[in-house]
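Okay, so here's the structure we're looking at.
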Amino acid sequence: QLPLPPHLDERKVIEAISAAKDADGYHPISQGRMLAGIAGLRPCTPAGIIELLVRGGVETRGAHAVVVGRSNIVGKPVAALLMQKGEGADATVTVCHSRTADLGAFTREADILVAAMGRPRAITADMVKPGAAVIDVGIHRIEDASAPKGTRLCGDVDFDPVAEIASAITPVPGGVGPMTVAMLMHNTVAAAEAALGDDR
Ligand code: NDP
């Protein structure tokens, strides 16, 4: 699981993994299959986001999805999955990052907003279109004097005010995180079945 300790070369480690056992979906072969729309092991957090949208009944076809973040493990692959053809996809996708000028101008246009910027509560209610479905990928521990331990977890979205205007929103904790784990188990089983020649 990433991130690795800083003295290890992430790319070398990923490429040393057998693509057939790449349960995290980070190997270049897995990424290439995903981009080409060929069946394969998808990266877990992005795949979990698509599963959340499908099972939550959020219409992605023709929706404008705005992804904030362009990392290899979240932003880029979730954008790639949302723009594929098919269920939980067929969206028109905009990708924003730290060099995006006027982030709010883009996020306010989102029917589906995926916040994966790694900045605590950076997406505020004035940046969200009323009725949008908001997926909060970020996870941070912040100081909170009112919490029993003096800290609590939060995401990249300012949850309470955004929840008032969003049609759907994932909590932190308890949203994208558990889905990531579920998709890791899904990939592990799929890879094992493929290794056994089981194509159910
Ligand atoms: P990275 O730090 O690798 O990427 C963050 C991205 O956000 C970068 O593309 C960066 O832009 C962009 N960004 C940073 N600041 C801003 C800003 N002010 N405005 C617009 N874009 C900005 O993070 P990850 O993708 O690995 O993770 C994102 C968050 O999701 C983290 O909080 C992480 O802990 C969490 N996470 C949660 C998972 C889960 O299972 N729930 C799984 C993986 C991650 P640039 O490229 O220009 O630097």
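Numbers below:
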{"item": "Of all residues making up the range 160-174, the number that are surrounded by fewer than 20 Cβ atoms within 10 Å (Cβ to Cβ), within 16 Å of the ligand (Cβ to nearest atom) and closer than 18 Å to residue 55 by Cα", "result": "2"}
{"item": "Residue 52 being part of a helix (DSSP H, G or I), open to solvent by 20 Å² or more (accessible area, probe 1.4 Å) and either of a type in the set (Lys, Arg) or within 14 Å of the ligand (Cβ to nearest atom) (or both)", "result": "yes"}
{"item": "Candidates 86, 69, filtered to the one that is out of contact with any Leu (no Cβ under 6 Å at 6 or more places or on another chain), on the phi > 0 side of the Ramachandran plot and surrounded by 22 or more Cβ atoms within 10 Å (Cβ to Cβ)", "result": "69"}
{"item": "Matching residues in the range 87-127 - criterion: being in a loop (DSSP other than H, G, I, E, B), of a type in the set (Val, Ile, Thr) and near the ligand (Cβ under 10 Å from one of its atoms)", "result": "100"}
{"item": "Qualifying residue in the range 184-194 (condition: among the acidic types (Asp, Glu), open to solvent by 40 Å² or more (accessible area, probe 1.4 Å) and away from the ligand (no atom under 11 Å from the Cβ))", "result": "yes"}
{"item": "Near pairs, Cβ below 6 angstrom, 6+ apart or cross-chain, from the range 171-198 (within 15 Å of residue 23 (Cβ to Cβ)) to any residue that is near the ligand (Cβ under 10 Å from one of its atoms) and among the hydrophobic types (A, V, I, L, M, F, W, C)", "result": "180/44; 183/44; 184/44"}
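The values are calculated or read from the model by the stated rules, or taken from the named source; none is laboratory data. All values derive from a computational prediction rather than experimental measurement. Every residue, glycine as well, gets a Cβ built from its backbone with ideal geometry; the counts of neighbours run over all protein chains shown. Heavy atoms of the whole protein, side chains included, go into the accessibility calculation; ligands, DNA and RNA do not. Shrake-Rupley method; radii C 1.70, N 1.55, O 1.52, S 1.80 Å.
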